[in-house]
1. Of everything in the stretch 10-29 that's out of contact with any Ser or Thr (no Cβ under 8 Å at 6 or more places or on another chain) and under 17 Å from A63 (Cβ atoms), which residue is most open to solvent (accessible area, probe 1.4 Å)?
2. Applying the selection to the stretch 60-82, what residues are among the β-branched types (V, I, T) and loosely packed, with under 12 Cβ neighbours inside 10 Å?
3. Anything in the stretch 42-59 that is open to solvent by 20 Å² or more (accessible area, probe 1.4 Å), assigned to a strand (DSSP E or B) and either of a type in the set (D, E, K, R) or at pLDDT 95 or above (or both)? List them, or say none.
4. Report the residue count in the stretch 63-82 for those that are of a type in the set (A, V, I, L, M) and part of a strand (DSSP E or B).
5. What tally of residues in the stretch 7-41 results from selecting those that are of a type outside the set (F, W, Y), modelled with pLDDT under 95 and not in a strand (DSSP E or B)?
6. Those residues that are closer than 15 Å to D7 by Cβ, more than 12 Å from the chain's Cα centre (by Cα) and among the small types (G, A, S), I need them from the stretch 23-82; list them, please.
7. Please name all residue pairs, on different chains or six or more residues apart, with Cβ atoms under 6 Å, provided the first residue is in the stretch 16-30 and is within 16 Å of V75 (Cα to Cα) and the second residue is hydrophobic (A, V, I, L, M, F, W, C) and open to solvent by 50 Å² or more (accessible area, probe 1.4 Å).
Amino acid sequence: MSDTSEDMRVPGFGHGLGEALLIEWVAGVGDRVERGDVIAVVETDKASTEIEAERGGRITAHAAAVGTILKSGEVLYRLAVE
């Protein structure tokens, strides 16, 4: 049985907001996560928001550094799904 890697994307922020500032990675490269675990924290001009894992697996790469402006739909991290 082999692992499948998948690009996980920045979700929509709602209320017409298309971008947010990445302020913290909560889950690091190599960490195993389950659906609902907090992956990162972003800040829009309205509030700070936690981005949660959509599925379980192991994070194999971050696609952005803290301080980066993220746009909805961009790749945020890579997940090895088992």
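The values are calculated or read from the model by the stated rules, or taken from the named source; none is laboratory data. Since the structure is predicted, the reported quantities are computational estimates derived from the model, not experimental observations. Cβ atoms come from the backbone with ideal geometry, glycine included; neighbour counts cover every protein chain shown. Quick note on the areas: whole protein, heavy atoms, side chains included, nothing else; ligands and nucleic acids left out. Shrake-Rupley method; radii C 1.70, N 1.55, O 1.52, S 1.80 Å.
1. Narrowing the stretch 10-29 to residues out of contact with any Ser or Thr (no Cβ under 8 Å at 6 or more places or on another chain): 14-16, 24-28.
With the extra rule that they be under 17 Å from A63 (Cβ atoms), the set shrinks to 24-28.
Details: E24: 89, W25: 47, V26: 73, A27: 6, G28: 23 Å².
Of everything passing the filter in the stretch 10-29, E24 is most open to solvent (accessible area, probe 1.4 Å).
2. Of the residues in the stretch 60-82, the ones among the β-branched types (V, I, T) are 60, 66, 68-69, 75, 81.
Across the stretch 60-82, the qualifying residue is only I69.
3. Listed by number, the residues that qualify are E43, E50, E52, R58.
4. First pass over the stretch 63-82, keeping only residues of a type in the set (A, V, I, L, M): 63-66, 69-70, 75-76, 79-81.
In the following step, the residues that additionally are part of a strand (DSSP E or B) were identified as 69-70, 75-76, 79-81.
The qualifying residues number 7.
5. Of the residues in the stretch 7-41, 8 are of a type outside the set (F, W, Y), modelled with pLDDT under 95 and not in a strand (DSSP E or B).
6. G57, A80 - these are the residues of the stretch 23-82 that are closer than 15 Å to D7 by Cβ, more than 12 Å from the chain's Cα centre (by Cα) and among the small types (G, A, S).
7. Close Cβ pairs satisfying both conditions: E19/I69; L21/I69; L22/V66.
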